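The next block holds one structure in the form of structure tokens; read it before the comments.
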Amino acid sequence: EAQVTQNPRYLITVTGKKLTVTCSQNMNHEYMSWYRQDPGLGLRQIYYSMNVEVTDKGDVPEGYKVSRKEKRNFPLILESPSPNQTSLYFCASRGRPQRYNEQFFGPGTRLTVL
Amino acid sequence: AQSVAQPEDQVNVAEGNPLTVKCTYSVSGNPYLFWYVQYPNRGLQFLLKYITGDNLVKGSYGFEAEFNKSQTSFHLKKPSALVSDSALYFCAVDSGNTGKLIFGQGTTLQVKP
């Protein structure tokens, strides 16, 4: 089954404690992306990757890092989480040609930073 | 800059009645438009898209959307609503060069029995 997986699904942590949210897709997509969803704001892009070792900032990249060492994986790293990063996070992937294709989303990770 | 607007935070419909969830867009160049649905505690699921061709696009779960270039709209419709259609609906437009989708703020659809 074609899918995007994320782990963990739920995470409660404290300010300053480094964490990683993993994301993996099995569709051989080159493009992957991270979004955060906040009430009234829709989904906003954090980082994206056009291919292995190619990453770039989205609209709200502050406080986040990513890496793309393999095509299937695109982890999101919060090196020093703060309460304003409490949110619902989604990983997504998209096949070529990207403009014409839908994005496939993971199930989401609900993060609470105390 | 590309943008999407969903003017209604919530739409209430009785089961069996037709439903419309509104979306307007602003793009430079050709618009590539998408609708997604989000059920509670789930990720976003793709419903349908407009790339080119017929203005009426059919998608999953009996949904369809009408592309109107002159009104820059892409409204989501269904002839007969089900209680199980109750969810959060997002309209999105392709940003043009980074693979990013630009999302509207979302519209909550409530279908009452």
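One table, with the values for the structure above:
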quantity: Selection from region B:41-80 of residues that are basic (Lys, Arg) and touching a helix residue (DSSP H, G or I) at 6+ places or on another chain (Cβ under 7 Å); calculated: B:LYS78
quantity: Selection within region B:85-113 - assigned to a strand (DSSP E or B) and more than 9 Å from chain A (Cβ to nearest Cβ); calculated: B:ALA87, B:LEU88, B:TYR89, B:CYS91, B:VAL93, B:THR107, B:THR108, B:LEU109, B:GLN110, B:VAL111, B:LYS112
quantity: Residues located in region A:40-50, provided they are open to solvent by 20 Å² or more (accessible area, probe 1.4 Å) and closer than 16 Å to B:VAL4 by Cα; calculated: A:GLY40, A:LEU41, A:ARG44
quantity: Some residue of region B:69-84 being part of a strand (DSSP E or B) and within 11 Å of chain A (Cβ to nearest Cβ); calculated: no
quantity: Residue within region B:24-31 that is open to solvent by less than 80 Å² (accessible area, probe 1.4 Å), over 21 Å from B:LEU82 (Cβ atoms), modelled with pLDDT of 95 or more and among the β-branched types (Val, Ile, Thr) present; calculated: yes
quantity: Leading residue by the ranking (nearest to the other protein chains (Cβ to nearest Cβ)) among those in region B:38-65 that are touching a residue at least 12 places away in the same chain (Cβ under 8 Å) and of a type in the set (Val, Ile, Thr); calculated: B:ILE51
quantity: Identity of the residue in region B:57-71, surrounded by fewer than 16 Cβ atoms within 10 Å (Cβ to Cβ) and under 28 Å from B:ALA1 (Cβ atoms), that ends up nearest to the chain's Cα centre (by Cα); calculated: B:ASN68
quantity: Set B:PRO18, B:PRO7: member being open to solvent by 50 Å² or more (accessible area, probe 1.4 Å), at pLDDT 95 or above and within 14 Å of another protein chain (Cβ to nearest Cβ); calculated: B:PRO7
quantity: Test for A:GLU70: is it surrounded by fewer than 14 Cβ atoms within 10 Å (Cβ to Cβ), touching a residue at least 40 places away in the same chain (Cβ under 8 Å) and among the charged types (D, E, K, R); calculated: no
quantity: Residue check for B:ASN30: at positive phi, at the interface with chain A (Cβ under 10 Å from one of its Cβ atoms) and polar (S, T, N, Q); calculated: no
quantity: Identity of the residue in region A:93-105, at the interface with chain B (Cβ under 8 Å from one of its Cβ atoms) and out of contact with any Phe, Trp or Tyr (no Cβ under 6 Å at 6 or more places or on another chain), that ends up surrounded by the most Cβ atoms within 10 Å (Cβ to Cβ); calculated: A:GLN103
quantity: Enumeration of residues in region B:87-113 that are among the hydroxyl-bearing types (Ser, Thr, Tyr) and either open to solvent by less than 10 Å² (accessible area, probe 1.4 Å) or in contact (Cβ under 8 Å) with a residue 40 or more places away in the chain (or both); calculated: B:TYR89, B:SER95, B:THR107, B:THR108
quantity: Matching residues in region A:9-43 - criterion: being within 14 Å of chain B (Cβ to nearest Cβ) and not in a strand (DSSP E or B); calculated: A:ARG9, A:MET27, A:HIS29, A:GLU30, A:PRO39, A:GLY40, A:LEU41
quantity: Yes/no for A:GLN6 being open to solvent by 10 Å² or more (accessible area, probe 1.4 Å) and either more than 8 Å from chain B (Cβ to nearest Cβ) or in a loop (DSSP other than H, G, I, E, B) (or both); calculated: no
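Condition check ((1) within 14 Å of chain B (Cβ to nearest Cβ); (2) assigned to a loop (DSSP other than H, G, I, E, B)) across all residues:
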{"site": "A:GLN45", "(1), (2)": "yes, no"}
{"site": "A:SER49", "(1), (2)": "yes, no"}
{"site": "A:THR55", "(1), (2)": "yes, no"}
{"site": "A:PRO61", "(1), (2)": "yes, yes"}
{"site": "A:SER80", "(1), (2)": "no, yes"}
{"site": "A:ASN84", "(1), (2)": "no, no"}
{"site": "A:LEU88", "(1), (2)": "yes, no"}
{"site": "A:CYS91", "(1), (2)": "yes, no"}
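The values are calculated or read from the model by the stated rules, or taken from the named source; none is laboratory data. Computed from a predicted model, the values in this text were never measured in an experiment. Glycine gets a Cβ as well: all are built from the backbone with ideal geometry, and neighbour counts include every protein chain shown. Heavy atoms of the whole protein, side chains included, go into the accessibility calculation; ligands, DNA and RNA do not. Shrake-Rupley method; radii C 1.70, N 1.55, O 1.52, S 1.80 Å.
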